[in-house]
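Engineer: One structure follows; several queries about it will come next.
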Amino acid sequence: MSKEDLQLIEAVSEQVALALESARLFDQTQRDAERERTINRVTSRIRNARSVDEVLSIAAQELRLATRASRSVVEILPTVDEAARTDLSQEGVQRP
């Protein structure tokens, strides 16, 4: 193989490497743009919600879509303080 052949092979391989990197960056940019569109759509839906229940419903729907799950459930558990107050009120104990 001649020196010119080696130079040609090097030049072509550099061009192929650049083309592959450009394709990878283009693909990443498209994925990033799609993620931004989704975030903006969800943010808009949540901002337009009229109640906490609607916010939770939207969040559950979007989480289900994002994870491609067949269903989603939102469960709100009381904090430790709230649970203690609930237990005391059920026993008829008044808290100050």
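The values are calculated or read from the model by the stated rules, or taken from the named source; none is laboratory data. Treat the numbers as computed from the prediction; the structure is a model and nothing was measured. Ligands, DNA and RNA are excluded from the accessible area calculation, which covers all protein heavy atoms including side chains. Shrake-Rupley method; radii C 1.70, N 1.55, O 1.52, S 1.80 Å.
Engineer: For the range 60-74, what does the Karplus curve 6.51 cos²θ - 1.76 cosθ + 1.60, with θ = phi - 60°, yield as ³J(HN,Hα) per residue in whole Hz, taken in order and with x for Gly and Pro?
Structural biologist: Values per residue, Gly and Pro as x: 5, 4, 5, 5, 4, 5, 5, 9, 6, 7, 6, 7, 9, 9, 10 Hz.
Engineer: Leaving ligands, DNA and RNA out of it, work out the accessible area of residue 24 with a 1.4 Å probe and give it in Å² to the nearest 10.
Structural biologist: 120
Engineer: What accessible surface, in Å², does a 1.4 Å probe find on residue 16, ignoring ligands, DNA and RNA and rounding to the nearest 10?
Structural biologist: Spelled out: residue 16, probe radius 1.4 Å, area about 80 Å².
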